[in-house]
Amino acid sequence: MMSGRPSYRALVNDGSAQGQALPPGLTQRILSYAVPHWRSITLFLLVTALGAGIVVANPLLLRAIIDEGIIPGDTSIVVWLAVAAGVLAVLEGLITLTGRWLSSRIGEGVIYLLRTQVFTHVQRMPIAFFTRTQTGSLISRLNTDVVGAQRAITSVLQSVVTNLVSLVAVLITMLALSWQVTLAALAMIPLFIVPAKVLGRKLAVISRDAMDNNAQMSSLMTERFNVGGAMLVKLYGRPSEESAGFSNRAARVRELGVRQAVYGGLLFTMLSTITALATAMVYGVGGVLAVGDAFEVGTLVALTTLLARLYGPVTTLSNVHVEIMTALVSFDRVFEVLDLEPAIKESPDARPLPEGPLSVEFDGVSFRYPNAAESSVASLELTPQAQSSDDTQVLNGVSFHAEPGRMVALVGPSGAGKTTLTHLVSRLYDPTEGTVRVGGLDLREAAGDSLRDSVGVVTQDAQLFHDTVGANLRYANPQATDEELVEALRMARLGALLDQLPDGLETMVGDRGYRLSGGEKQRLAIARLLLKAPSVVVLDEATAHLDSESEAAVQEALAEALAGRTSLVIAHRLATVREADQILVLEDGRILERGTHDELLDGGGLYTALYRTQFASQEH
């Protein structure tokens, strides 16, 4: 079930977790993840106990072969006991394999449960969580920390349980054979523990430094190998400097790798040497006792064989607390994410939005962006953003009513609150004060699925997954047929592009849609919206990246598709504001003016100034 060689992973584990305070009840919470695997754990303990019995059975067989077979000259006993030793060796291999299978099954089951829980929980978090969270740190919780948490289970099963059971069995057997030799062997134990701890700490520092440098090198590659990073390097002509910087990091990793190998080799050599010295000592002490007829020669051979199975578990168990503490910290970091309550919650009495065209109403709405304590975890955060200040009100007392099937255009200077207002319609955030209603229903009382079906959004920066055209479209409607996808593309004036794509709907769009032009990405996002067919449409500068020809085509498609639907449009085009049934002019989070294009021009206020700077140049 185990070998006499110590687990070097336990010796070189990152010791940074030592001394770190852990929350009360953490162990009980971890054990709750082991409860579903109680059958496998019970079987593992039985297998471990059986393996410990075999660990001591083989040396005892060797003793019997020598004392009862070889020395008396009984060939039959030698043959039968040798066969029995061979059978036990095969059985030990099978038991070891079974134990590893069981512990891996338990550990991987914990990983599966944790990963799915964290992923599902993060999916429920509001958009404020993602605006403050560092993506790499969040992914690390799903990968590195979850694997570390798994080791809290597997380390206890493999390192602690297996070695502890084997150690007890070996000690009892050795004491039964010769207490004098056993005491001499135990006196040598400090010689194993001291170098393991000293060199283990040095290896921990090197290992931690190597992991940090590997992480930095990986981060550099991730940034430089995506489309945006690669384009920036080429545009600014700095490939040689990038190569030099990467070479320096790689050289540091190389140096650390060499040091790690040297210290690891030194540790292995020292432990091997001490084992050889201890074996020589046992042969010396035991040989003297055997000559004095204190015990037989076979007993001496059995003791030296057991000796190798004594020092390995002792060395591993002396350092296993470091590994367990590191794993417990990983569990705590995972729970830190799971314990963060989503700021946007669905009411237990949530109701679906009404069918058909829906109105949109803001009633005294004020809003500020959530701070870190309300939306994120400090260890996952980027540098705090200015918009997160507790005193910064982005919207102040906003009230308006959009009738079903009508278009409302939002205009105003940058930072006026236009985009924030659209975020409230799709309930990416909840207002700090006031109420947002769609179809007369407070969004805090609306069912989430119904809201997502009823409100469609096209943002300024169209988000596309690194997948096919068809897969990106079906994200809005998974049951859509190919014919429906083609129709949506043609309505968004992408029919000509579809005919040119080498694989049609199966064409890959590239990372974030980089294989498409800006206008094509926008129109593909609009096609996805059309496929969803929502009752309320939010266009957040949806035509800002289109040239005049593309915009004209999209405007035609939108005019047809949005007929009978309520729409809120952040307007940057003269055609949009002219077609709007109502224009809201925002500044500093307040509605300063409202009316039609002609009415606002006649008023001579902020809209007139915005018209002269933004829209007048578009007059033909």
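The values are calculated or read from the model by the stated rules, or taken from the named source; none is laboratory data. Please read these numbers as outputs of a predicted model, since none were measured by experiment. Using ideal geometry, Cβ is built from the backbone for each residue, glycine included, and neighbour counts are taken over all protein chains shown. When the accessible area is computed, the model is the full protein with side chains, heavy atoms only, and any ligands, DNA or RNA have been set aside. Shrake-Rupley method; radii C 1.70, N 1.55, O 1.52, S 1.80 Å.
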Pair list, Cβ < 7 Å and 6+ apart or interchain, from the range 493-517 residues that are under 22 Å from Gln555 (Cα atoms) to residues that are of a type in the set (Val, Ile, Thr) and surrounded by 16 or more Cβ atoms within 10 Å (Cβ to Cβ): Arg493/Val554; Leu498/Val486; Leu516/Val509
Criterion: of a type outside the set (A, V, I, L, M, F, W, C), without any contact (Cβ under 8 Å) to a residue 60 or more places away in the chain, open to solvent by less than 80 Å² (accessible area, probe 1.4 Å) and not in a helix (DSSP H, G or I) - qualifying residue of Gly69, Gly93, Gly73, Gly107: Gly73
The range 84-120 - residue that is charged (D, E, K, R) and farther than 15 Å from Thr48 by Cα and, of those, farthest from the chain's Cα centre (by Cα): Arg105
Residue within the range 516-536 that is modelled with pLDDT under 75, open to solvent by less than 50 Å² (accessible area, probe 1.4 Å), over 12 Å from Leu464 (Cβ atoms) and polar (S, T, N, Q) present: no
Qualifying position, being assigned to a helix (DSSP H, G or I) and closer than 24 Å to Asp293 by Cα, among Ala196, Ala210, Ala169, Ala185: Ala185
Test: residue in the range 566-574 that is out of contact with any Asp or Glu (no Cβ under 7 Å at 6 or more places or on another chain), at pLDDT 80 or above and outside any strand (DSSP E or B): no
Answer residue from the range 427-449, given it is at pLDDT below 90 and open to solvent by 60 Å² or more (accessible area, probe 1.4 Å) and is farthest from Pro352 (Cα to Cα) among those: Leu428
Failed criterion for Glu506 (all others in (1) in contact with a strand residue (DSSP E or B) (Cβ under 8 Å, 6 or more places away or on another chain); (2) within 25 Å of Val536 (Cβ to Cβ) hold): (2)
Scan of the range 163-189 for residues that are open to solvent by 10 Å² or more (accessible area, probe 1.4 Å) and of a type outside the set (A, V, I, L, M, F, W, C), ordered by number: Asn163, Thr173, Gln180
Pair list, Cβ < 7 Å and 6+ apart or interchain, from the range 450-468 residues that are farther than 11 Å from Ser426 by Cα and open to solvent by 100 Å² or more (accessible area, probe 1.4 Å) to residues that are part of a loop (DSSP other than H, G, I, E, B) and of a type outside the set (S, T, N, Q): His466/Gly510
Any pair with Cβ under 6 angstrom, 6 or more apart, that starts in the range 592-605 at a residue that is touching a residue at least 40 places away in the same chain (Cβ under 8 Å) and among the charged types (D, E, K, R) and ends at one that is open to solvent by 90 Å² or more (accessible area, probe 1.4 Å) and assigned to a strand (DSSP E or B): none
Every residue from the range 245-278 that is free of Cβ contacts under 8 Å to residues at least 24 places away in the same chain, closer than 30 Å to Arg309 by Cα and open to solvent by less than 40 Å² (accessible area, probe 1.4 Å): Gly265
Number of the exception - Ala409 against (1) on the phi > 0 side of the Ramachandran plot; (2) crowded, with 17+ Cβ neighbours inside 10 Å: (1)
Answer from Arg132, Arg124 - the residue that is open to solvent by 50 Å² or more (accessible area, probe 1.4 Å), in contact (Cβ under 8 Å) with a residue 24 or more places away in the chain and touching a Pro at 6+ places or on another chain (Cβ under 9 Å): Arg124
Test: Leu489 is under 24 Å from Ala571 (Cβ atoms) and either at pLDDT 85 or above or buried (at least 17 other Cβ atoms within 10 Å of the Cβ) (or both): no
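Would you point out the residue of the range 386-405, among those that are modelled with pLDDT under 85 and open to solvent by 70 Å² or more (accessible area, probe 1.4 Å), that is nearest to Arg132 (Cα to Cα)?
Ala386
For the range 336-376, name all the residues that are outside any loop (DSSP other than H, G, I, E, B), out of contact with any His (no Cβ under 6 Å at 6 or more places or on another chain) and surrounded by fewer than 19 Cβ atoms within 10 Å (Cβ to Cβ). Walk me through how you get there before you give the answer.
Filtering the range 336-376 down to residues outside any loop (DSSP other than H, G, I, E, B) leaves 336-338, 351, 360-367, 372-375.
This time we only want the ones that are out of contact with any His (no Cβ under 6 Å at 6 or more places or on another chain), so: 336-337, 351, 360, 362-367, 372-375.
Within the range 336-376, Glu336, Arg351, Asp363, Gly364, Ser366, Ala372, Ala373, Glu374 qualify.
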